[in-house]
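Working notes, structure below.
The values are calculated or read from the model by the stated rules, or taken from the named source; none is laboratory data. It should be emphasised that the depicted structure is a prediction, and the values quoted were computed from it without experimental measurement. Ideal geometry is used to build each Cβ from the backbone, glycine not excepted, and the neighbour counts take in all protein chains shown. Accessible surface areas use protein heavy atoms only, side chains included; no ligands, DNA or RNA. Shrake-Rupley method; radii C 1.70, N 1.55, O 1.52, S 1.80 Å.
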Amino acid sequence: MIIRGGIVYDPANGIFGEEMDLCIDGGRIVEDAKGEVIDARGLLVMPGGVDAHTHIAGKKMNTGRIMRPDDARLGTELRSGVCRPSTGYTVPNCYAIGYRYARMGYTTAFEAATPIIEARHTHEELEEIPILDKGALTLFGNNWEVMECVHDKDIAKLAAYVAWGLRAARGYGIKIVNPGGGEAWGFGSNVKGLYDPVPNFDVTPAEIIHALAEANEMLRLPHSIHLHFNNLGKPGNYTTALETLEALEDIKPSRMRQAVHVTHMQFSAYGGTSWRDFESKASIIADYLNKHNHATMDMGQLLFGAATTMTADAPLEYGNARLTHNKWSNHDIELEESSGVVPMVYSRKMLVNAVQWAIGLELALLTEDPWKVLMTTDSPNGSPFVNYPEVITLLMSKPKRDSEMATLHGELSKRTSLGCIERELDWSEIAIMTRAAPARILGLEDKGHLGLGADGDVSIYNLSPHEVDASQEHATVKKALAAAKYTIKSGTVVCKDGKILATPRGKTYWVDAVAAQADMDRLMVDLQDKFERYYSVQMSNYAVQDVYVTNPRVVKAGLGAGPLKEAA
Amino acid sequence: MRNIIVAPLAPIRISVEAEILSPDIFAPLSMEQICGLDVWQGNRKRKISDLFRVVGDEGQVRPEETALRLEGDFSRVKRIAEGMTAGTVDVIGSAGMHAGNNMKGGKLSILGNADDWLGREMRGGSIAVEGNAGNYAGAGYRGEKCGMRGGEIEIRGNAGAYLGEHLCGGDIRVAGNAGDFPGAANQGGTIFIGGSTHLPGAEMTKGTIIVNGKAKVLPGYQKLEIVTIGGEKYQKYAGDLVENGKGELFIRTGSS
Amino acid sequence: MIVEDAICSFCGCLCDDINVEVEENKVKRVRHACRLGSSKIMGHERIRRPMVRKDGELKEVSYQQAYEQAAKILLAASKPLLYGWASTVCEAQKKGILLAEEVGGVLDSTATVCHGPSVIGIEEKGLPGATLGQVKNRADTIVFWGCNPAEAHPRHSLRYSSNACGRFTPEGRSAKKIIVVDVRETRTSKNADKLVIIQPGTDYEVISALRMLVAGKGDMVPEEVGGVAKSELASLSEMLLAAKFGAVFFGLGITHSRGRYKNIDNALSLVTDLNSHTKFVIMPMRGHYNVGGIGQALAWSSGYPMSVDFTRQAPYFNPGETAACDLLAKADTDAALIIAADPASNFPRTIVEELAKIPIIQIDPYENPTTLLADVVIPSAIAGVEAEGTAYRMDGLALRMRKLVNSSYPSDEEILDGILESVRSLRCSRSLQGGLKDDN
Amino acid sequence: MISGRTLAQGANCESKMSEDFFKAASSCYLSKEDYDLLGLSDGKNILLKNEFGKTVFSPRVDDGLRRGIVFIPMGPWANILIGPDTGGCGTPQFKGVEIDLEATNSPIQDIRELFGSIKRAEA
């Protein structure tokens, strides 16, 4: 396949809006190719989009679907052509997830949170999602074995457990959600801060996070720890955010990447002492990130309208349910986690929601280096992913932000600095925040760029980047981003003019990390005891079998994995 | 007024979904165009004229100038007058499920019985049923917070269970009895029941329910004073206190 | 040969510690399973060959002939019902969902005569739940409301609930409070610390009274609710509030009674309210071993967990309208594919009489009353014994069922594949002849 | 009347044509008082009927039942007494059904008799 004459943005390879041809053969970018010619003359061309943090599969997602038939009916699209029927808006069915991401030019999406014991379910759903390459992060932050290793300061055994857990879950990396809080929720309480001990385990969230970061680097995992802070979603929590980031300054990354990725920072950049005096502290967070290089983040942008909040932060969800008097699902997971799901509507009339909306944008605009901040909505927590074009246009257009702010609460300008921010992102920066940076942050070498050997994932938009002024013509930009002219996945046109033409099966990434045998042996003694006494399933029935990952892409890590190729 | 008559050509076995039976759809179309409209019978898409005799005045008009008369047994025809905004629909017989669903204006009259989900999520207009209505009259869809938000439903016979579930506004009057749980999670509408019912106003937070017959009252209702409405004495209750509700429930004295 | 840690395919407990002794491809002995599980794994007299009804009699045919006959029936129907799905694995369920889409049918599971009302209740309120191991490790107070696990889920108590020992419950039964709420004494209530007998059909009122008591508004509760004295309810409420970790398990006693899903709705609210005071979770006691799985698979593929109508090429969901019993009671379906279920036994008789009026395809390992009414009978391997695959436990945990013995019968998945192929080739040849949909 | 799961019914629910299932599912449990009041004794059967249908069961005493409550294992015999109305939520009301009962000498229909009487539509 030859993609002819596009205006290409490939920031990972230093290409910023150059007219050039791209060739794909055997599913990869090559020097030269024959076959189908795609006319992209004058059009915006970028690598396929990569979403490093989204909720697309597993128990939480299905719980959201089951409790929300009201949401399912909103997104109904008929079965037609190669497509099975779509339903849902905030909690779409598996098919809709694949089609809608592909329609926007995305080709890769990572599920953000899976407990090991429920990973089989996650993979069942990932397998049903068409087109996309995907992976799932594995939850470790409230796991008994983790806390016991942390308590014993036994990082080697912890690393062995992480390796074992990733393999059992066919998981990609370490996700930590409200560390210690999930365990405390087992008896209905929470941890209050980074140094508040976890009941019954005599460890602090700070210790858990730090130890997991050490284990992460000991195993040379492709991704860093992926962290959802304590106290998330609470006024005044920016201090927890800063404290946590400071506590990780000494972590030496084992690869050329961050030491910690902080997810949906919007929910952790809150000032004030209550919802009454709630205000943005985005500038302080951005300032910290500008001065330090060990951390990256994603926005977790919130948009007005319907959302479904779903997180392993179960106490937060109970709070949400009581606050909004909405439906509440909770799911505690033996020895490992807890979680919750609550539907939500963010209202333009609510000052709190307006401030939240502004915080996400401030974070992205005040952080100078676009490689440090990803465009996400923590879908469907801040808003469903189909609204990414709205977020991108807000980032690219000051007039759009101003006209939006004019419709919001009058107090807003006192609570955030968004109105004073002149910065408008350009296509290079957007390409970084939606393609190059998520791939690099995740450690996906073949994604997010268009260099030789990269995956043949390309998105082409019906938009001339040199002619359209994204600042003024934001409506045109939004329309173009919502329905790609072409989405090409591994060299196959999967979507043309917003219509799905093919639904190939995507790959599932997982990390096979090797730990020292002696540590693994010590670990097994612990685990056998846990399965005999505490788990409700047998150890032999626990791990995800190969049959659940039919198109795996195994990334080797850990001991003996050899020096890893670095991203450009 | 432009009059259009629709009548089944033969008894209907597999139910028909005919959301096009609405003044809003018919008004701007010629008779030929109307006859070409699709309805669904199971997985078969059919022309309306395959299943129904359709006759009426020609002339493109506005919905409020359109009178639709459905003659015969429409009890297996669903979604009659869905979303209608104006005009009239008279069913000279019984109507199937979801009649007047999401209705916004105009008038729907049903001479016979109405099946379940009559006036589901209705926002305006009026519905009158001479016979009985099924379950969920004036209710919402599964999982939604709001059912009927406005308009009026009058049922001269009995109503089924879950009458006005999640009611957010509007008035429902039932001359006869109502099934279990009328006005459950009522958030601001009014329900009048001429006969008896069971457990009215479960989790009601706002709104009013008046029962002239017998009704078992939930433990979350606080007994207040006796009041007189329209010359009759009623026991007033406030609730449902399980939800800190401020709804008002009136049950005619001597009946509970 | 002994298969260790086999997973039992009877009830929603999915006990996964079963040892099965197999000799010459036959199950000889089952260890650790309860009576229900052993009976299931040991097996019974089978249907031998596929059969098609001719002149009123079922006659043996080849599998291919049976698939083609099934395809003809499904394609001739304007609203075929594809019902059952609880006692088979997700791999078959997924295939069934695809078949329902392709033939434009309504897919419903046995949940609609079981915990269907629970699902509707969850749609109203959500489900504050947990995995069973969480209950095992933490629960000091357990409520069985309208369920009788001693007879329906015999190992529940030992593995997960009343008699289980875990990290924070090392003393097992002796340190727990067990509460049973029912309309009668049961084997389960014999092991309880407290039994509250209520009048049939009063669950909703009793739960409302408990909610008032839990919220400290007991002074407004009448002296007697549902046949239970207020003092009795007050002591129950105190027991609930005294829990450090409470778990409510509920069964068909509450879903099948007057109030149906509203009972569950209110119970979910009670548990939510209790969480303002202490920790509480709630869970339905699912009957068939993978009735949870069809709910999960349907939800991720269609957005809805049961009773999904695909006739208009897009999923539509509305139990009360699209559930199997609704369609049959209103004679609003014209063919039925029944798999891994026995509606002739389990539906009300008047509904069975309606079912008998339409063509029926049955896929099942065993003869049962539905066989007596069926037009096409296709014997299958026993999922979870002779065929492996995924099942979801009552708490939503997915496990992989092991294959214990080989079978000469095709699996449910293979049979559905066969029917799907026949549907596609029949449709293809008909469209070549120009007459597709409107040929009835 | 309430219908529900029992161990014996459950253990035989995949061998419904068997004698064991017949024994398990064609029984009807009632309180001692009701049993005596109806003049039941060994060898006597009991006829249950309501607006939906009638059928004969083998009566047994269950001390856990209160007066006025009859328990029948779920199955095709019990289901003769269950109405088709799903109450708008898809599920028939299998429990809390009103019935009349009387002692009888009539035999219990076996499973084939039970279904032999159902009229099949002409193919």
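With the largest listed first and rounded to whole Å, the semi-axes of the equivalent ellipsoid of the range C:280-424 from the Cα gyration tensor are 24, 22, 16. Between D:Thr91, D:Ala103, D:Gly75, the Cα set farthest toward the positive side of the dipole of the range D:2-116 (charges on each charged residue's Cβ, about the Cα centre) is that of D:Thr91.
Can you work out the base-10 log of I(q)/I(0) for chain C at q = 0.06, 0.09, 0.11, 0.13 1/Å, using the Debye formula on its C-alpha atoms alone? Log10 of I(q)/I(0), two decimals: -0.28, -0.60, -0.86, -1.12. Among the residues of the range C:142-168, those with an accessible-area drop of 20 Å² or more from chain alone to full protein complex, heavy atoms and 1.4 Å probe, are C:Glu151, C:Ala152, C:Arg167, C:Phe168. Calculated on the Cα set of the range C:304-363, radius of gyration then Dmax: 11.5, 32 Å. Pairwise alpha-carbon distances in chain A exceed 37 Å for 26% of all pairs.
Element breakdown for the protein assembly as shown at a 1.4 angstrom probe: carbon and sulfur atoms account for 49% of the accessible area. Taking a cut-off of 18 Å between Cα atoms, list the lysines near B:Lys223, but don't count ones fewer than 8 places away on the same chain. Correct list for B:Lys223: B:Lys206, B:Lys214, B:Lys233, B:Lys236, B:Lys246, C:Lys217, C:Lys230.
Neighbours of B:Ala10 by Cβ distance under 11 Å: Lys/Arg scored +1, Asp/Glu scored -1, total 0. Per-residue Karplus couplings for the range C:27-39, computed as 6.51 cos²θ - 1.76 cosθ + 1.60 with θ equal to phi - 60°, are listed in order as 6, 9, 8, 10, 10, 6, 7, 7, 4, 5, x, 4, 4 Hz, Gly and Pro entered as x. Near C:Ile363, the amide H atoms lying under 5 Å from its own belong to C:Ile338, C:Ile339, C:Ala340, C:Ile378; only residues 5 or more places off or on other chains count, and H is placed 1.01 Å from N.
Quick one, what does Rg over Rh come out to for the range C:326-402 if you take C-alpha atoms and the Kirkwood Rh?
Rounded to two decimals, Rg/Rh equals 1.06.
Positive end of the dipole of the protein assembly as shown (Cβ unit charges, origin at the Cα centre): among A:Ile7, A:Thr273, A:Gly340, the Cα lying farthest that way belongs to A:Gly340. Across all Cα atoms of the protein assembly as shown, the radius of gyration (one decimal) and Dmax (whole number) stand at 31.4, 98 Å.
The C-alpha atoms of chain C define a longest principal axis, and helix C:261-274 lies at about 40 degrees to it. The listed peptides A:4-17, D:40-53, ordered by packing as a protection proxy, come out as A:4-17, D:40-53 (highest mean of other Cβ atoms within 10 Å first). Computed over the alpha carbons of the range B:1-115, Rg followed by Dmax gives 12.5, 35 Å. Once the Cβ-Cβ distance of B:Lys206 and A:Thr273 is raised to the sixth power relative to R0 = 22 Å, the FRET efficiency obtained is 0.10.
Cysteine residues of chain B whose C-beta has no other cysteine C-beta under 4.7 angstrom: B:Cys35. Among C:Lys72/C:Lys95; A:Lys530/C:Lys403; C:Lys28/C:Lys136; A:Lys157/A:Lys507; A:Lys252/A:Lys372, which pairs are too far apart, with a Cα-Cα distance over 21 Å? Going by Cα-Cα distance, A:Lys530/C:Lys403; C:Lys28/C:Lys136; A:Lys157/A:Lys507 fall outside the 21 Å limit. For the chain pair C and B, the interface hides roughly 3800 square angstrom of accessible area in total, found with a 1.4 Å probe. Rg/Rh, computed from the Cα trace of the range B:62-162 with Rh as the Kirkwood radius, has the value 0.94. Taking Lys and Arg as +1 and Asp and Glu as -1, the other residues whose beta-carbon sits under 10 Å from that of A:Leu158 total -4. The distance from the alpha carbon centre of the range B:4-22 to that of the range A:348-402 is 49 Å, rounded to a whole number. Note on the range C:116-284: semi-axes of the ellipsoid equivalent to its C-alpha gyration tensor, largest first and rounded to whole Å, are 22, 17, 16. 3J(HN,Hα) along the range B:201-218: x, 4, 6, 5, 10, 8, x, 9, 10, 10, 10, 8, x, 8, 7, 7, 9, 6 Hz, from the Karplus curve 6.51 cos²θ - 1.76 cosθ + 1.60 with θ = phi - 60°, whole Hz, x for Gly and Pro. Relative to the longest principal axis of the Cα atoms of chain C, the long axis of helix C:230-242 lies at roughly 80 degrees. Note on chain B: the C-alpha convex hull projects to 13.2 nm² when averaged across all orientations.
Entry note, the range A:364-464: relative contact order of 26 percent, from Cα contacts under 8 Å with a spacing of 6+ residues. Per residue of peptide B:167-173, the mean number of Cβ atoms on other chains within 10 Å of the residue Cβ is 0. When each of the peptides C:66-77, A:235-246, C:9-20 is scored by the mean number of other C-beta atoms lying within 10 Å of its residues, the order from highest to lowest reads C:9-20, C:66-77, A:235-246. Sorting the Cα pairs of the range A:18-126 by distance into bins of 5 Å, from 0 upward, gives 2, 10, 15, 17, 16, 13, 10, 9, 6, 2, 0 percent per bin. The Cα atoms of the range B:139-256 give a gyration tensor whose axes a ≥ b ≥ c have a/c of 1.5 or more with a/b no greater than b/c, which makes the shape oblate.
Heavy atoms of chains C and D lose about 4500 Å² of accessible surface on contact, summed over both sides with a 1.4 Å probe.
For the residues of C:39-47, the average number of beta carbons from a partner chain within 10 Å of their own beta carbon is 3. Once backbone amide H atoms are built at 1.01 Å from N, C:Val183 has C:Ile198 as its partners under 5 Å, excluding neighbours fewer than 5 places away on the same chain. Considering only Cα atoms, the convex hull volume of the range A:296-364 works out to 89 Å³ per residue. Label point of A:Tyr195 set 7 angstrom out along Cα-Cβ; within the range A:205-244, amide nitrogens under 18 Å from it belong to A:205-211, A:230-231, A:237-244.
Once A and C are treated as a pair rather than alone, how much accessible area drops out, both sides summed, in Å² to 100, probe 1.4 Å?
On the way: alone 20040 and 18970 Å², together 33890 Å².
By this definition, chains A and C bury close to 5100 Å².
Backbone geometry of the range A:181-194 corresponds, through the Karplus equation with coefficients 6.51, -1.76 and 1.60 at θ = phi - 60°, to 3J(HN,Hα) couplings of x, x, 5, 4, 5, x, 10, x, 10, 8, 9, 8, x, 5 Hz, x marking Gly and Pro. With the charge dipole of the range B:1-129 set up from +1 on Lys and Arg Cβ and -1 on Asp and Glu Cβ about the Cα centre, the Cα lying farthest toward the positive end among the listed residues B:Gly96, B:Gln41, B:Gly56 is that of B:Gln41.
Hey, what's the Kirkwood Rh for the range A:418-480 if you take every pair of different alpha carbons, in angstrom?
Roughly 13.6 Å, rounded to one decimal.
Computing Rg and the Kirkwood Rh from the Cα coordinates of the range D:18-123 gives a ratio, Rg/Rh, of 0.99.
Note on the range A:494-558: the C-alpha convex hull projects to 7.2 nm² when averaged across all orientations.
Given a Förster radius of 22 Å and the C-beta distance between C:Asp219 and C:Ala242 as r, what FRET efficiency does 1/(1 + (r/R0)^6) yield to the nearest 0.05?
Calculated value: 0.60.
How much net charge surrounds A:Asp70 when only the other residues with a Cβ under 14 Å from the Cβ of A:Asp70 are counted, with Lys and Arg +1 and Asp and Glu -1? Summing Lys and Arg as +1 and Asp and Glu as -1 gives +2.
Among D:Thr91, D:Thr55, D:Thr104, which one shows the biggest mean-square fluctuation in a GNM of chain D, springs joining Cα atoms closer than 10 Å? It is D:Thr91.
Heavy-atom accessible area per residue, the protein assembly as shown, 1.4 Å probe: how many Å²? Could the numbers behind the result be given before it?
Working: 43750 Å² over 1387 residues.
Roughly 32 Å² per residue, with all protein chains present.
Within chain C, DSSP assigns beta bridges of which about 40% are antiparallel (rounded to the nearest 5).
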